[in-house]
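K.L.:
Please see the structure below; I have some questions.
The values are calculated or read from the model by the stated rules, or taken from the named source; none is laboratory data. This structure is a prediction, so every number in the text was calculated from the model and none was measured. Please note: Cβ atoms are built from the backbone with ideal geometry, for glycine as well, and neighbour counts cover all protein chains shown.
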């Protein structure tokens with residue numbers, strides 16, 4: 001090959017490599033930017049007086065004196081709304097029955113929308129559900145609830161050639177000429193006085209338990225459950241994986257049996273994770289009965305089987321990458337095979353082994369299918385370490401899926417969903433950063 005052609009090919013391959021890196025970096029930015037921006041909204045946001053009420057009532061947080069002062073100011077701002085509702089009810093009672101009927105359903109819809117914005121009317125019986133005891137706790141949700149108060153949704157099917165079109169009309173038109181007509185401009189103009197929004201850093205989101213199916217509170221049990229499952233999986237996978245790699249590299253004689261074992265390991269690495277979940281259910285729970293029902297132990301064992309092929313292959317490659325001269329020098333000094341492996345080969349292979357372990361930890365933390373059948377539940381309390389042997393737990397990966405697909409108030413808790421995703425991504429990134437730092441330190445020590 002001519003020198004000019006070789007240089008041209010080298011430049012072409014270098015350019016392709018740079019383009020590939022750029023595309024990957026751009027894809028990473030596109031994926032992570034909305035997660036970071038919207039996920040951080042679970043921690044830093046504009047809270048309303050209703051959020052401060054929840055924090056004080058449910059978690060005993062906040063200054064009681066300041067809260068009472070704020071509640072008095074908010075009550076004064078909201079009182080005209082309740083006065084107008086009472087005046088309209090009096091007006092409604094004085095109307096003839098025929099004139100009263102068209103207003104009844106409209107009034108019920110308005111009262112429901114106001115309850116979602118401001119909470120229940122003072123003096124009424126306290127609702128059973130916590131979500132019905134408070135109004136909008138976040139300013140972004142307040143804007144949506146305010147729009148529900150001011151407008152109504154209707155579907156326009158007047159065009160038979162097109163699908164129905166959603167049309168929002170001012171709700172004030174339903175009460176034109178009544179004592180409720182001034183209510184709508186008053187609420188729109190005084191919404192800040194009625195809600196008192198302010199910026200809040202809710203760092204307890206990482207540790208608080210959820211209330212009323214994640215309508216309030218944080219993701220503490222999910223974070224703790226994910227840690228339990230991940231550490232439990234690695235507790236079983238690391239010893240088995242490293243020992244298997246040592247046997248395959250240092251003790252086993254090459255032959256058909258060893259070749260078949262390597263093929264099996266490589267095949268297991270590509271098996272869909274749902275298969276491991278079904279195996280964990282059938283074997284750990286239904287056959288050997290390690291727990292009466294779902295448990296962290298069963299989920300950790302299932303995840304350990306899932307990541308075991310990765311740990312074995314990564315450890316095997318790291319051991320094979322150790323220069324043969326290390327082994328020969330140790331054995332020439334009289335060290336036995338086991339001592340050589342433990343004192344020379346494993347320390348030299350540790351950076352590569354650590355890389356495989358951290359990659360496996362990231363996968364174990366993010367897997368959903370294996371824990372659906374063996375460990376995960378939708379809601380639950382934080383578990384003590386000993387309880388993990390027999391109790392199920394919430395986990396970030398499963399709860400992200402559950403909240404996005406099955407929660408009855410999915411639009412109300414978008415910030416919780418993004419907060420969970422942000423936390424899970426942050427955990428995986430921190431694991432990788434930790435691996436990079438540890439690998440650099442170990443490599444520096446080995447170089448002397």
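K.L.:
If the Cβ limit is 6 Å and pairs must be 6+ apart or interchain, which residue in segment 333-348 that is assigned by TED's automatic domain parsing to the domain that holds residue 320 and surrounded by 18 or more Cβ atoms within 10 Å (Cβ to Cβ) pairs with which residue that is in a loop (DSSP other than H, G, I, E, B) and at pLDDT 80 or above?
P.N.:
Close Cβ pairs satisfying both conditions: 345/322; 348/322.
K.L.:
Between 284, 236, which is over 22 Å from residue 357 (Cβ atoms), in contact with a helix residue (DSSP H, G or I) (Cβ under 7 Å, 6 or more places away or on another chain) and part of a helix (DSSP H, G or I)?
P.N.:
Numbers: 236 fails: over 22 Å from residue 357 (Cβ atoms).
After applying the criteria, what remains is 284.
K.L.:
Conditions first: (1) part of a helix (DSSP H, G or I); (2) farther than 30 Å from residue 85 by Cβ; (3) in contact with a helix residue (DSSP H, G or I) (Cβ under 7 Å, 6 or more places away or on another chain). Residue 214 passes all but one, so which condition is the exception?
P.N.:
Going through the list (1) part of a helix (DSSP H, G or I); (2) farther than 30 Å from residue 85 by Cβ; (3) in contact with a helix residue (DSSP H, G or I) (Cβ under 7 Å, 6 or more places away or on another chain), residue 214 breaks only (1).
K.L.:
State yes or no: is residue 62 at pLDDT below 90 and touching a helix residue (DSSP H, G or I) at 6+ places or on another chain (Cβ under 9 Å)?
P.N.:
On the way: at pLDDT below 90: yes; touching a helix residue (DSSP H, G or I) at 6+ places or on another chain (Cβ under 9 Å): yes.
Judged against the criteria, residue 62 is a match.
K.L.:
Another question, then. Please specify each residue of segment 34-57 satisfying the condition of being modelled with pLDDT under 90 and farther than 18 Å from residue 206 by Cα.
P.N.:
34
K.L.:
While we're here: Go through the residues of segment 80-100 one by one and say whether even a single one is in a loop (DSSP other than H, G, I, E, B), out of contact with any helix residue (DSSP H, G or I) (no Cβ under 6 Å at 6 or more places or on another chain) and assigned by TED's automatic domain parsing to the domain that holds residue 51. Full working, then the answer.
P.N.:
Step one: filter segment 80-100 for residues in a loop (DSSP other than H, G, I, E, B), giving 95-96.
Then drop every residue that is not out of contact with any helix residue (DSSP H, G or I) (no Cβ under 6 Å at 6 or more places or on another chain), which leaves 95-96.
Subset that is assigned by TED's automatic domain parsing to the domain that holds residue 51: 95-96.
Yes, some residue in segment 80-100 is in a loop (DSSP other than H, G, I, E, B), out of contact with any helix residue (DSSP H, G or I) (no Cβ under 6 Å at 6 or more places or on another chain) and assigned by TED's automatic domain parsing to the domain that holds residue 51.
K.L.:
Okay, next question. Given the structure, is residue 345 part of a helix (DSSP H, G or I), at pLDDT below 90, farther than 26 Å from residue 430 by Cα and touching a helix residue (DSSP H, G or I) at 6+ places or on another chain (Cβ under 7 Å)? Outline the logic, then answer.
P.N.:
Working: part of a helix (DSSP H, G or I): yes; at pLDDT below 90: yes; farther than 26 Å from residue 430 by Cα: yes; touching a helix residue (DSSP H, G or I) at 6+ places or on another chain (Cβ under 7 Å): yes.
So residue 345 passes the test.
K.L.:
For segment 164-200, which residues satisfy the criterion of being assigned to a strand (DSSP E or B) and either modelled with pLDDT of 85 or more or surrounded by 14 or more Cβ atoms within 10 Å (Cβ to Cβ) (or both)?
P.N.:
First, the residues of segment 164-200 that are assigned to a strand (DSSP E or B): 165-170, 198-200.
Listed by number, the residues that qualify are 169, 170, 198, 199, 200.
K.L.:
Could you say whether any residue in segment 37-49 is closer than 30 Å to residue 183 by Cα, in contact (Cβ under 8 Å) with a residue 12 or more places away in the chain and in a helix (DSSP H, G or I)? Even if it seems obvious, please write down each step before you answer.
P.N.:
Start the filter on segment 37-49 by keeping residues that are closer than 30 Å to residue 183 by Cα, which leaves 45-49.
Still in the running and in contact (Cβ under 8 Å) with a residue 12 or more places away in the chain: 45-49.
Right, trim to in a helix (DSSP H, G or I) and you get 49.
Yes; the residues of segment 37-49 include at least one that is closer than 30 Å to residue 183 by Cα, in contact (Cβ under 8 Å) with a residue 12 or more places away in the chain and in a helix (DSSP H, G or I).
K.L.:
Now for a different question. Please go through segment 106-136 and pick out each residue that is within 19 Å of residue 79 (Cα to Cα) and part of a loop (DSSP other than H, G, I, E, B).
P.N.:
Selection gives 119, 120, 121, 122, 123, 124, 125, 126, 133, 134, 135, 136.
K.L.:
Can you tell which of 225, 241 is touching a strand residue (DSSP E or B) at 6+ places or on another chain (Cβ under 7 Å) and part of a helix (DSSP H, G or I)?
P.N.:
On the way: 241 fails: touching a strand residue (DSSP E or B) at 6+ places or on another chain (Cβ under 7 Å).
Criteria check complete, one pass: 225.
K.L.:
Only one of these is exposed (fewer than 15 other Cβ atoms within 10 Å of the Cβ) and farther than 16 Å from residue 393 by Cβ: 238, 265, 215, 258. Name it. If you could, list the steps in order and put the result at the bottom.
P.N.:
On the way: 238 fails: exposed (fewer than 15 other Cβ atoms within 10 Å of the Cβ); 265 fails: exposed (fewer than 15 other Cβ atoms within 10 Å of the Cβ); 215 fails: exposed (fewer than 15 other Cβ atoms within 10 Å of the Cβ).
Going through 238, 265, 215, 258 in turn, the sole match is 258.
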